[in-house]
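**Q** Can you read through this structure? Questions will come right after.
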Amino acid sequence: MTPVRKLVSVADMSRQWWDRLYAQCCDIIARPDTYAAACSGKLLASMFYEPSTRTNFSFQAAAQRLGAGVFGFSDPLGTSASKGETLADTIRMTASYSDTIVIRSPQEGAAAAAALYSEVPVINAGDGGHFHPTQTLTDLATIAQKRGNIDNLCIGICGDLKYGRTVHSLIEAMAMFKGIRFCLISPQELQLPEYILEQMKAQGQQYIESESLTDCMAELDILYMTRVQRERFHDAAQYRRLKDVYILTSKMLEGAKSDMQIMHPLPRYGEIAIDVDDDPRAVYFEQARYGMFIRMSLLLDFMHQPRLAPRPVTSALTQPTCGNPACITQSDFYLPKITSNLGIDRCGYCDKKFPILEF
């Protein structure tokens, strides 16, 4: 199997790679002391251009439990990025000090751009409202641990499906498994982006769309709740109108399966009532712990890979080719034009159609 050199989106994964990564994760859970020095002498570069608690802490804890060191930042105002340094230059410099880079950015496609210029593996810890593949590894590990397998499930995803990068990555990953059905629950304003729906149709994934949280509750094996992404909204009034549209309470779970799992990538902002926390079906805090173990497995995989020179990158035109204002190409004009594997009319960084806007 060809080594995976980056995890920018779930498209970088295969079922074979996931099976091996998860088997290693299970061994780490069973025998953590065996791995205490597995990455001794290695360094993880942690580049967080956007606030994070769980993902940032989880990566730091994962690296340190493997015996690796961690350096980086959680506020770009304290770096040369605030002086105008390009992402490419920051990545080249950071890669020269580290063995793996993990990056979170509010700009969609930032991790894909970083991977073009890095000598070491790059991990996407979230790029705007686009993708969050290591949260998906966390989700898959949680489902596998709690249910034993990930096939033949009915999964309800509720909340902000438009900007929810964890949702986008989870849906993409589920194409690797058999018999998955989705109930996509959101108000019309927060439905899945068109490119995700097109991808689901192309892959033959089964789904229904609904505005009701209770209509499909009895069928669900997994209920994946999400918060409304305040930081992605351009209209504060629209955010206030939608932020409390779904609130899961213990009363609403009376008709649900006894073995259903309630998941959430966290943080939550009221979309799961506190009275649900004591329900044995609520696994969102366990989910955070499984995230550390699967990230340990990922870092163990990446940190021992040889340094490779990044492929030659041809400079782009001086104007961005993507019309998405959240795309990395809007600020980093030097980036080469690349196209998505979803079609030649899509930006290879953020997956939006160009020059047509999709908002």
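The values are calculated or read from the model by the stated rules, or taken from the named source; none is laboratory data. Small disclaimer: the values here were computed from a predicted structure and weren't measured. As a convention, Cβ positions derive from the backbone with ideal geometry for all residues, glycine included, and neighbour counts pool all protein chains shown. When the accessible area is computed, the model is the full protein with side chains, heavy atoms only, and any ligands, DNA or RNA have been set aside. Shrake-Rupley method; radii C 1.70, N 1.55, O 1.52, S 1.80 Å.
**Q** Is it possible to state the helix-based mean residue ellipticity at 222 nm for the chain, with each DSSP H run of 4+ residues giving -39500 (n - 2.57), the sum divided by total residues, to the nearest 500 deg cm²/dmol? What is it?
**A** The helix contribution divided over the chain gives -9000 deg cm²/dmol.
**Q** Turning to a different aspect of this structure: Per the chain: cysteines with no other Cys C-beta under 4.7 angstrom?
**A** If one checks each Cβ against the other cysteines of the chain, CYS25, CYS26, CYS39, CYS154, CYS158 turn up with nothing under 4.7 Å.
**Q** Mind checking which helices in the chain clear 27 Å along their axis (Cα) and have mean Kyte-Doolittle hydropathy of -1.0 or more, DSSP H runs only?
**A** 284-303
**Q** Relative contact order (percent) for the chain, with alpha-carbon contacts under 8 angstrom and 6 or more residues of separation?
**A** 19 percent
**Q** Tell me, what % of the accessible area of the chain is carbon and sulfur with a 1.4 angstrom probe?
**A** Carbon and sulfur together cover 51 percent of it.
**Q** Which value, in Å² rounded to 10, gives the accessible area of LEU300 with a 1.4 Å probe and all protein chains present?
**A** 30 Å²
**Q** Okay, next question. Report the residue, chosen from ALA115, ALA326, ALA23, that carries the largest GNM mean-square fluctuation when the chain is represented by alpha-carbon nodes joined by springs under 10 Å.
**A** Answer for the Gaussian network model of the chain: ALA23.
**Q** Extending each Cα 7 Å along its Cβ direction at ARG31 and ASP278, get the distance between those two points in nm, one decimal.
**A** The two pseudo-label positions are separated by 4.1 nm.
**Q** Nearest-5 percent of antiparallel DSSP beta bridges in the chain?
**A** 5 percent
**Q** Under a 1.4 angstrom probe, counting protein chains only, how are TYR49, TYR97 ranked by accessible area, largest first?
**A** From most accessible down to least: TYR97, TYR49.
**Q** May I ask for log10 I(q)/I(0) of region 56-203 at q = 0.19 Å⁻¹, from a Debye sum over the Cα atoms as equal point scatterers with solvent left out?
**A** For the requested q values the scattering log ratios are -1.19.
**Q** At 1.4 Å probe size, put PHE302, PHE333 in order of accessible surface, largest to smallest.
**A** The residues order as PHE333, PHE302, largest area first.
**Q** Which residue, ALA125, THR226, GLN205, has the largest displacement toward the positive end of the dipole of region 88-229 when charges sit on each Cβ (Lys, Arg +1; Asp, Glu -1)?
**A** Result: ALA125, furthest along the dipole toward the positive end.
**Q** Here is a further query. Which lysines have a Cα less than 29 Å from the Cα of LYS162, not counting those fewer than 8 places away in the same chain?
**A** Answer for LYS162, where 29 Å is the Cα cut-off: LYS6, LYS146, LYS178, LYS201, LYS243, LYS251, LYS257, LYS337, LYS352, LYS353, listed by chain and number.
**Q** Can I ask one more? Considering only protein heavy atoms, with the full assembly of protein chains and a 1.4 angstrom probe, order VAL313, VAL4 by accessible area, largest first.
**A** Solvent-accessible surface, decreasing: VAL313, VAL4.
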